[in-house]
Protein chains: 2
Amino acid sequence: MTKKGSILWLTGLSGAGKTTIAQALVKELQMQARAVELLDGDVIRTNLSKGLGFSKEDRDTNVRRVGFVANLLAGHGVIAVSAVISPYQQIRDQIRQSSVDFIEVYVNAPLEVCESRDVKGLYAKARAGEIRGFTGIDDPYEPPLKPEVTCYTADETIAESVGKVMQVLAQFGIL
Amino acid sequence: MTKKGSILWLTGLSGAGKTTIAQALVKELQMQARAVELLDGDVIRTNLSKGLGFSKEDRDTNVRRVGFVANLLAGHGVIAVSAVISPYQQIRDQIRQSSVDFIEVYVNAPLEVCESRDVKGLYAKARAGEIRGFTGIDDPYEPPLKPEVTCYTADETIAESVGKVMQVLAQFGIL
């Protein structure tokens, strides 16, 4: 029997830990023999959204595409784990409304922490004005109003964050 | 047990019957309780490729995106049925090479037949010069060199065409 698919939608600032948590979730779910697919922001930008920039319109288009693909996968029993900044509430809500099982995971770390991590060196470039429209610096991030889970990655271990998400998946009857 | 996924790649002129055959295939496969997903050209253009035009580069980008999504689905046991014109051999071959089970279905009808059908009224517009770069009129269509199946939709019934594809799916161990 095909199991219940769903969308695990990780949202948060660059450097908040979306990809790290998403990868750990994928491993955990695979260990439970679940069909799972990671839709990572960078991979998506390369494969589905080359040419799009970082204006609100282009970001929304990018996020909508991830939602479209996540929905296709979820319809076939796959847990689609999306890890894209997706800074705007309205578009996240649109995807929620078009999905059956949408679980919003707020990967929450203070801007200062994300900036000090600066894994990809992007904050430095944004501060130097080399990148425009960078979320958290000169472009807004709208925190989720009612996320199903919030992971405080500055205070929790990865395992703790993953555990919280797994618990919610169980509550929703997805595990 | 998850069954073997694959990509059924229908290629052919506008009006050749790709969508018709794809829809009939989807029904047939669903009756056999197979997980199947139709990736139709128009739906894809709306959801994944808004903003792209019909230059060679934009067409290739569009086709590559369909291939990316089809591969994601096939990896989870889904038979992804793609119905996009995909006029260029090179890009179809690229997708073939990046896929495990890629079945190229040439939906073949003479240009005159497609033009006389003109389901969407696009040939008339192309002849009137209202649309530029229309495949078969002022943009090339490269017929598949070694398609796994060819459906001659001017001479065969839909059921005959579908039957040929199903036979190949069986030969490939996908059914």
Item checked: chymotrypsin sites (Phe, Trp or Tyr not before Pro) restricted to DSSP loop in the range A:120-175 with at most 16 other C-beta within 10 Å -> A:Phe172
Item checked: Crossing angle, helix B:158-171 versus chain B [Cα axis fit, 0-90 degrees, rounded to tens] -> 50
Notebook entry, point to check: To the nearest 10 degrees, how steep is helix A:56-74 against the longest Cα principal axis of chain A, on a 0 to 90 scale?
Noted result: 20
Checklist line | Alpha-carbon radius of gyration plus Dmax, which is the widest Cα pair, for the range A:95-164 in Å | finding: 14.6, 42
Margin query: Let me check against my output: what whole-number percent is the relative contact order of chain B, with C-alpha pairs under 8 Å and at least 6 apart?
Written below: 33
Margin query: Against the 2.2 N^0.38 Å scaling, with N counting residues, where does the range A:44-175 land? I'd like the Cα-based Rg ratio to two decimal places.
Written below: 1.11
Margin query: Loop only by DSSP, 14 or fewer other Cβ within 10 Å of the Cβ. Give me the GluC sites (Glu not before Pro) in the range B:94-175 that pass, ordered by residue number.
Written below: B:Glu130
Next item on the list: Quick one: compute the contact order of the range A:109-168, relative version, from alpha carbon pairs under 8 angstrom and 6+ residues apart, as a percent.
Entry: 28
Margin query: Exceeding 31 Å between C-alpha atoms, which entries from my cross-link table qualify? They are A:Lys4/A:Lys120; A:Lys3/A:Lys120; A:Lys56/B:Lys120; A:Lys3/B:Lys27.
Written below: A:Lys4/A:Lys120; A:Lys3/A:Lys120; A:Lys56/B:Lys120
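Taking the beta-carbon count within 10 Å as an exposure proxy, list A:Lys146, A:Lys56 from fewest neighbours to most. Display every interim value, and only then the final one.
Numbers: A:Lys146 9, A:Lys56 14.
Ranking A:Lys146, A:Lys56 by Cβ neighbours within 10 Å, fewest first, gives A:Lys146, A:Lys56.
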Notebook entry, point to check: Which angle between 0 and 90 degrees, to the nearest 10, do you get for helix A:18-31 versus the longest principal axis of chain A when only C-alpha atoms count?
Noted result: 20
Next item on the list: Would you work out the relative contact order for the range A:76-175, in percent, from Cα pairs under 8 angstrom that are 6 or more residues apart?
Entry: 33
Next item on the list: Calculate the length of the line joining the C-alpha centroid of the range A:1-77 to that of the range A:138-175, in whole Å.
Entry: 14
Checklist line | Using a 7 Å Cα-to-Cβ projection, B:Asp42 label spacings across copies, nm, ascending | finding: 3.9
Item checked: Order of A:Leu145, B:Leu52 under a 10 Å beta carbon neighbour criterion, fewest first -> A:Leu145, B:Leu52
Margin query: With the label 7 angstrom out along Cα to Cβ, how close does B:Asp155 come to the same site in each of the other copies, in nm, nearest first?
Written below: 7.4
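Read-outs: derived from the displayed coordinates by stated rules, not from any lab. What you are looking at is a predicted structure, and each value in this text was computed from that prediction instead of being measured. So basically every Cβ, Gly included, is an ideal-geometry build from the backbone, and we count neighbours across all protein chains shown.
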